[in-house]
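The values are calculated or read from the model by the stated rules, or taken from the named source; none is laboratory data. Just so it is clear, the structure is predicted and the values come from calculations on it, not from any experiment. Positions of Cβ are backbone-derived with ideal geometry, glycine not excepted, and every protein chain shown enters the neighbour counts.
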Amino acid sequence: MHAMKKILLILSFIGLAQFGFAQDNQPGQKGGGGGRLEAYKIAYITKRLNLTPEEAQKFWPIYNKYTTDLRTLRLENRDLPIIEQDEKIVGLRKKYQGEFSHALPPDRVNQFFKADREFNGFVQKEMMERRQLRMEQKQQLNKN
């Protein structure tokens, strides 16, 4: 039964993500809709970690700093070889593992990093599928 709930959660998330991407990709929108995607990520992580209000109050400020630092690290090191970029990201995660442990027990900190990876994987997969669909549509239009 637990596996069925997980499958339903994933399917419902994918449906939400598709709706969010459709909304985010509308022409003329400012900001690219990244805020909406971040809202989905927050909802996903909250559900996966089953955060209590007290945990959430401690967790989200750390998360916000983590995402800001991660974004900065990626921008500042984008010209480095990928292996060096990965090493820096792992170093940042290790640093924040200690920070997150002030809000959550160690097993739930690990669960956060897994949920973060899963969410990013869903987003990447969705983007690749949409890119592939657009390419196929372009090819179909060029044939006609």
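Points to keep in mind about this one:
- So residue 74, is it touching a residue at least 60 places away in the same chain (Cβ under 8 Å) and farther than 30 Å from residue 52 by Cβ: no
- Qualifying residue in the stretch 80-100 (condition: over 29 Å from residue 58 (Cβ atoms), out of contact with any Lys or Arg (no Cβ under 7 Å at 6 or more places or on another chain), part of a helix (DSSP H, G or I) and of a type in the set (A, V, I, L, M, F, W, C)): yes
- Residue 141 vs. criteria part of a helix (DSSP H, G or I), closer than 19 Å to residue 37 by Cβ and free of Cβ contacts under 8 Å to residues at least 40 places away in the same chain: no
- Qualifying residue in the stretch 40-63 (condition: at pLDDT below 50 and either more than 24 Å from residue 94 (Cβ to Cβ) or β-branched (Val, Ile, Thr) (or both)): no
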